[in-house]
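Only one structure is covered here, and it is reproduced in the block below.
The values are calculated or read from the model by the stated rules, or taken from the named source; none is laboratory data. In this text, all values refer to a predicted model and were calculated from it rather than measured experimentally. Cβ: placed from backbone, ideal geometry, glycine included. Neighbour counts: every protein chain shown. Accessible surface areas use protein heavy atoms only, side chains included; no ligands, DNA or RNA. Shrake-Rupley method; radii C 1.70, N 1.55, O 1.52, S 1.80 Å.
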Amino acid sequence: MKVRVQATADRQFATNSYLVEDEETHDAVVIDANLEPELMVELVDERGANVKAILLTHTDVDHVGGLPGLLEAFGSIPVAVHDSERNVVVEGKPLRREFGASTGPTENVVSLVEGEPFRDGSLTFEVLHTPGHSPGGVTLQIGDNLFTGDALFAGSIGRSDFANSDAASLLEGINAKLLSQRDEMVVYAGHGPATTIGRERRTNPFLR
Ligand SMILES: [Zn+2]
């Protein structure tokens with residue numbers, strides 16, 4: 001299977017939303033819902049992709065704020081999230097006590113569970129629990145691609161100074177589940193450019 005990855009970023013937080021598409025079947029998922037969902041809707045139209053689900057790496061406002069716009073465009077497709085942050089999406093509750101609510105209540109919420117592949121259409125993702133930035137942070141893996149949310153960035157790692165963050169588990173998850181992977185694995189982060197596991201293992205100053 002050949003997977004095509006394209007990103008859109010919003011202007012306020014430069015948060016990436018990704019369109020992950022099977023080039024043969026055009027089945028696709030969107031990973032994270034940044035604050036400019038219209039950019040993703042446009043991209044999906046351009047590609048003629050058949051979006052089957054929205055997968056969330058975590059539920060900070062800049063990653064879920066575009067959910068209502070995406071669901072309006074794509075219909076009531078499943079929204080997949082780790083159970084630790086399920087209430088944020090189901091009930092529209094705030095993820096952080098530091099911030100207010102980030103999205104309205106959402107229907108058709110399904111679970112991302114570590115060790116249970118997430119399948120929709122012709123796409124299958126492995127789910128790696130990489131908490132620490134937030135309790136339900138996950139990395140989604142398909143083929144040689146890792147969608148790391150706000151756990152691992154090119155040259156940096158996620159913030160862990162929030163009340164429900166945990167710096168030790170962030171580093172532990174990155175080391176055990178991400179840096180343990182092959183050099184060639186491509187990292188698509190929640191913010192900023194793509195990178196590789198090899199480059200981050202060698203040069204990321206937060207991982208020395
Ligand atoms: Zn973010």
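Computed from backbone phi, the HN-Hα couplings of segment 13-18 come to 10, 6, 8, 7, 10, 10 Hz, rounded to whole numbers (Karplus: 6.51 cos²θ - 1.76 cosθ + 1.60, θ = phi - 60°; Gly and Pro given as x).
Averaging 1/r over every pair of different alpha carbons in the chain and inverting the result gives a Kirkwood radius of 16.7 Å.
Rounded to the nearest 500 deg cm²/dmol, what is the calculated helix-only ellipticity per residue at 222 nm for the chain, with -39500 (n - 2.57) per DSSP H run of length n ≥ 4?
-5000 deg cm²/dmol
Among the trypsin sites (Lys or Arg not before Pro) found in segment 1-106, those both in a DSSP coil and sparsely packed, with 13 or fewer other Cβ atoms within 10 Å of their Cβ, are Lys2, Arg11, Arg97.
The GluC sites (Glu not before Pro) of segment 94-188 that DSSP puts in a loop, and whose beta carbon has at most 11 other beta carbons within 10 Å, are Glu98, Glu107, Glu184.
Surface exposure of the chain, expressed per residue as accessible area with a 1.4 Å probe, stands at 43 Å².
Per-residue extension of 0.36 nm, minus the Cα-Cα distance of Arg182 and Lys2, leaves a gain of 62.9 nm for this segment.
Here the label points at Arg208 and Asp45, each 7 Å from Cα along the C-beta direction, are separated by 4.8 nm in the simple model. Here the chain has 49 percent of its accessible surface on carbon and sulfur atoms, given a 1.4 Å probe and all protein chains in place.
Only one residue of Thr8, Val186, Leu207 has its Cα farthest out toward the positive end of the dipole of the chain, where Lys and Arg carry +1 and Asp and Glu -1 on Cβ, and that residue is Leu207.
Shown in residue order for segment 47-59 are the 3J(HN,Hα) couplings computed by the Karplus curve 6.51 cos²θ - 1.76 cosθ + 1.60 at θ = phi - 60°: 7, x, 7, 9, 6, 9, 6, 10, 10, 10, 6, 5, 10 Hz (x for Gly and Pro). Restriction of the chymotrypsin sites (Phe, Trp or Tyr not before Pro) in segment 5-111 to DSSP coil positions whose beta-carbon has at most 14 other beta-carbons within 10 angstrom yields Phe99.
The charge dipole of segment 113-208, taken about its Cα centre with unit charges on the Cβ of Lys, Arg, Asp and Glu (plus for the first two, minus for the last two), comes to roughly 320 debye.
For Asn34, the residues 5 or more places off, or on other chains, whose built amide H falls under 5 Å of its own are Ser17, Gly66.
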